Each structure stands twice: as C-alpha cells, then as structure tokens.
Amino acid sequence: MLTTPRAWEVIGTVPDPEVPVISVVELGIVRDVAVDAEGAVAVTITPTYSGCPAMYEIEKDIRTALTEAGASSVTVRTVLSPAWTTDWIGPEAREKLRAYGIAPPGRAEQGGLITLTRARQPVTCPWCGSRDTELKSEFGSTACKAIHVCRACRQPFDEFKAL
Ligand SMILES: [Zn+2]
C-alpha cells in the first residue's frame, strides 16, 4: 500500500526532463502529495514557466512512476498560484545545476513577472563565475531555458527562466 511519504520518494526519483540531474521535487514544483485510503494519489504541481512544454512530460512521468509504485489512480493538479519562484530550488539542487552547466537562477523578485527584467541583468557564468555574459537567445534547447554566452571563457550555457 502506497503511503504519502513513499509517494514523495517515488516522485523524488522523477527527473526534470529539462535538466535530468535534478528531480522534479528538487526543482520545487511539487507542492503537495496526498494518498487516500484506497491508494489513490493526488499530486499538486506548479509549473516553472508558463507555456513550458516540459510540464506535460513531467505530469506523464509522475503518473507513470506512481502507477508502477502501486498507486490505484493518480490525479495531477496544476496550481498557478502562488507562482513558482526560483527560491523553491534547494541549495543542493542549485549546486547540481551549476555543475551541469546551467546558471542557477537568481533569487526571484517579488511579484513573479520577472522574465524581461531578469533577461537584461547579467547572469553569472556557471563555468568560470564571470558576470561578463551575454544573452544569445531567449529560447534555448527548450522554451524554458535561455542561451547565454560567457565573454570571459567563451562557453555557452543555459539559464533557467523563471516564469
Ligand atoms: Zn565563463
């Protein structure tokens, strides 16, 4: 019989499709997990970025993992408020992002709608730590990441977009 702590563990093994080195739990998008007496699981998630196509994949992967772990049914509910902020990414996951070559998102500002303001601010290069970086494209390998290039070490890197 699936318990709530076990369901959290199972979801904790689901990698983020964007960045497979961190799980969707580490990314901070799983807001709530509840298992009822019949083993039906209700999962509440908040997308990192509106219009991020990876969210559909995440939902499917969570469903599959929980079903394989013995859930009688899985309901995934998407909640947009409060909006996900990069503050929900834990320190360990930030370090994994940096090691993977993705600039750990900066602290989100109040209010949530920060894409445009953040895009104009310098982003720290995850390879050499230089702040002399340049935004190359608002859309990286996926709609949820932006591509930057470091002027100091000339390495390209992805940045997680926050909302
Ligand atoms: Zn660099």
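No lab work stands behind these numbers, since they all come straight from the coordinates. Treat the numbers as computed from the prediction; the structure is a model and nothing was measured. Here the Cβ is made from the backbone with ideal geometry for all residues, glycine too, and neighbour counts use every protein chain on show.
Given H placed 1.01 Å from N in the peptide plane, which residues other than close sequence neighbours of V76 have an amide H under 5 Å from its amide H?
V43
Considering amide H positions built from the backbone, and no H for Pro or chain starts, which residues 5 or more places from S23, or on another chain, come under 5 Å of its amide H?
The list, which skips near neighbours in sequence, is D16.
The stretch 4-78: D in µm²/s via Stokes-Einstein (Kirkwood Rh, Cα pairs, 10 °C, 1.306 mPa s)?
131 µm²/s
How long is the gain from D32 to M1 if the chain were fully straight, where each residue apart is worth 0.36 nm and the alpha carbon distance is subtracted?
Contour length minus the Cα-Cα distance gives 9.3 nm.
Which GluC sites (Glu not before Pro) does the stretch 23-76 hold that lie in a coil by DSSP with at most 11 other beta carbons within 10 Å?
Within the stretch 23-76, the qualifying GluC sites (Glu not before Pro) (loop, at most 11 other Cβ atoms within 10 Å) are E38.
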